[in-house]
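Okay, structure first, notes after.
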Amino acid sequence: AQTVTQSQPEMSVQEAETVTLSCTYDTSENNYYLFWYKQPPSRQMILVIRQEAYKQQNATENRFSVNFQKAAKSFSLKISDSQLGDTAMYFCAFMKHESEGRRALTFGSGTRLQVQP
Amino acid sequence: NAGVTQTPKFQVLKTGQSMTLQCAQDMNHEYMSWYRQDPGMGLRLIHYSVGAGITDQGEVPNGYNVSRSTTEDFPLRLLSAAPSQTSVYFCASRPTGTGTGYTFGSGTRLTVV
């Protein structure tokens, strides 16, 4: 079974600064996907960024980028130029590749990020 | 395009009552899942489905039933509600074959008293 660990329950950052959220995972699979989801106070789950394990290049989406270290089983999220609207819970999630069986998400426990004005 | 629609948004049940949380998607997605979210524990998988007529258990299936008679609908049934089932429930769906993330509904906050 896969496990996902987020070791930072809460973080705070000043507006316009950069913050990195950590995530580690444990799996015996070779092909899989990793995701970061954002959950603002509205409760809606919003996909921020995804990474395919067989791609070495780190994914980027505007101000969001990841540092994917497959051998270390690490998948951190970097938010640049933090904005007040980035205040939310952030969840790291793992999903097996199509060919590997169950195709649901396994989530970490989340990191609550507060962006200070 | 409505995406994933969950009803109701809020519900209060008495211990022992049964109810069905509704989930519908209009994106023709094959995969659908139900999760519960509890403080400090992230989201945990209850049941999931890879297509009409096919369902399987997740991490925390006890006390819940599902069925998938159509591609669009994936209801979650609480058989006899218990206070331990107080939680926020999310339904999610995704298409096959692409590795894209799941699209989530807006959630149902359930309180069992």
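Throughout, read-outs are computed from the coordinates displayed, never taken from laboratory work. Everything numeric in this text was worked out from a predicted model, so none of it was measured. Cβ atoms come from the backbone with ideal geometry, glycine included; neighbour counts cover every protein chain shown.
Quick look at the values:
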| quantity | calculated |
| --- | --- |
| Distribution of pairwise C-alpha distances over chain A, 5 Å bins, in % | 2, 12, 23, 25, 19, 10, 6, 2, 0, 0 |
| 10 Å Cβ neighbours from other chains, averaged over peptide A:37-44 | 3 |
| Kirkwood Rh (inverse of mean 1/r, distinct Cα pairs), the range A:15-84, angstrom | 13.0 |
| Per-selection metrics, the range B:41-113 (Cα): Rg and Dmax in Å | 12.9, 42 |
| Residues in the range A:17-35 that a label on A:GLU52 would reach, taking backbone N under 12 Å of a point 7 Å out along Cα→Cβ | A:32-34 |
| Sparse-neighbour loop sites [trypsin sites (Lys or Arg not before Pro); the range B:14-101; at most 14 other C-beta within 10 Å; DSSP] | B:LYS14 |
| B:ILE54-A:SER28 pseudo-label distance in nm [points 7 Å out on the Cα-to-Cβ vector] | 2.3 |
| Electrostatic dipole magnitude of chain B [Cβ: Lys, Arg +1; Asp, Glu -1; Cα centre; debye, to 20] | 340 |
| For the range B:2-87, alpha-carbon Rg and Dmax in angstrom | 12.8, 36 |
| Burial ordering of B:VAL88, B:VAL113, fewest other beta-carbon atoms within 10 Å first | B:VAL113, B:VAL88 |
| Local electrostatic count, B:ASP26, Cβ distance below 13 Å [Lys/Arg +1, Asp/Glu -1] | -2 |
| Unit charges on C-beta of K, R, D, E only; dipole of the protein assembly as shown, Debye | 340 |
| Those chymotrypsin sites (Phe, Trp or Tyr not before Pro) in the range A:48-117 that DSSP places in a loop and that have at most 14 other beta carbons within 10 Å | A:TYR54 |
| Square roots of five times the Cα gyration tensor eigenvalues for the protein assembly as shown, Å | 29, 21, 16 |
